[in-house]
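Enquirer: I have a structure here, written as structure tokens, and I will follow up with some questions on it.
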Amino acid sequence: IHNRGVLILLVDDIFSYSCSAEISTLMNDLSGDGWQIIRHDLSRSATDVDIKAVISDDYNTNDNVKSVFILGHIAVPYSGNKAFDSHENHQGAWPADLFYSNMNSVWSDSSVNNSYSVYINNNNIPGDGKWDQTWISSESQLQIGRVDFYDMPAFANSEIQLMKNYLAKDHSYKMDLLNIR
């Protein structure tokens, strides 16, 4: 496939220099696979609304945007009021990168009022920056993917080294250099 469309690559700026060679290889691999790439290096301090504005601008000004690929710990949107794991003490907002891929739904932060989850990240109250929607009102327009090694204390390697290792292994896989049979 010579033209898969446009892929928006969002890079956590802590990797901009520390993983520059590996990200260049990734971009070459993606281009070789038929993607046109629009890259943005973004700060971890950017909000999900800021990130969505970048994506929306690219989506609205470029024909054939099909996908968003996030490298790193760029803002993780939370949304909803559900216990997807069936544990009532986990009811509330859950990670929802879907927010970034859905260009047509209206997202609100005014109706869910749930502050009784065991995990503070699941709490969702009006105006807290976590979205109300448990289900979206329309299909997503974009594919979405994320590679994020933030807060993984079980691994001895740093977040940067984990990203470097992942990107090297990803390249080896794409070049059929791994013996996985």
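The values are calculated or read from the model by the stated rules, or taken from the named source; none is laboratory data. The shown structure was predicted, so the numbers you read here are calculated from the model rather than taken from an experiment. Neighbour counts run over all protein chains shown; Cβ positions are idealised from the backbone, glycine included. The accessibility values were calculated without ligands, DNA or RNA, using every heavy atom of the protein model including side chains. Shrake-Rupley method; radii C 1.70, N 1.55, O 1.52, S 1.80 Å.
Enquirer: When only Cα pairs under 8 Å and 6 or more residues apart are kept, what is the percent relative contact order across the chain?
Expert: Relative contact order, the chain: 22 percent.
Enquirer: Calculate, in nm to one decimal, what L177 and S158 gain on full extension: separation in residues at 0.36 nm each, minus their alpha carbon distance.
Expert: Values: separation 19, 0.36 × 19 = 6.84 nm, distance 2.50 nm.
Length gained, L177 through S158: 4.3 nm.
Enquirer: Further question: Semi-axes, largest first, in whole Å: what does sqrt of 5 times each Cα gyration tensor eigenvalue give for the stretch 1-80? Write out the running numbers ahead of the final one.
Expert: On the way: eigenvalues 88, 62, 18 Å².
Equivalent ellipsoid of the stretch 1-80: 21, 18, 9 Å, largest first.
Enquirer: If you don't mind, there's one more thing I want to ask. Can you compute the helix-only [θ] at 222 nm over the chain? Use -39500 (n - 2.57) per DSSP H run of at least 4 residues, normalise by all residues, nearest 500 deg cm²/dmol.
Expert: Values: 4 runs with 47 residues, N = 181.
The helix contribution divided over the chain gives -8000 deg cm²/dmol.
Enquirer: Something else now. Using only Cα atoms, find the angle between the long axis of helix 48-61 and the longest principal axis of the chain, and express it within 0 to 90 degrees, rounded to the nearest 10.
Expert: Roughly 60 degrees between the two axes.
Enquirer: Sticking with the crude label model, points 7 Å out along Cα→Cβ, report the distance from S110 to I1 in nm, one decimal please.
Expert: Result for the modelled spin labels: 4.0 nm.
Enquirer: Something else about it: Multiply the residue gap between D85 and D128 by 0.36 nm, knock off their C-alpha separation, and tell me the result in nm, one decimal place.
Expert: Working: separation 43, 0.36 × 43 = 15.48 nm, distance 2.28 nm.
Length gained, D85 through D128: 13.2 nm.
Enquirer: Would you work out the charge dipole size for the chain about its Cα centre, treating the Cβ of every Lys and Arg as +1 and the Cβ of every Asp and Glu as -1, and quote it to the nearest 20 debye? Before the final figure, lay out each step's value.
Expert: Details: 12 positive and 23 negative charges, 76 e Å.
Dipole about the Cα centre, nearest 20: 360 debye.
Enquirer: Here is a follow-up. I'd like the per residue volume of the convex hull spanned by the Cα atoms of the chain, given in cubic angstrom.
Expert: Details: hull volume 27.7 nm³, N = 181.
In the chain, the Cα hull volume divided by residue count equals 153 Å³.
Enquirer: Rounded to the nearest whole Å², what accessible area per residue is found for the stretch 28-144 with the 1.4 Å probe? Show your work: numbers first, answer last.
Expert: Values: 6130 Å² over 117 residues.
The answer is 52 Å² per residue.
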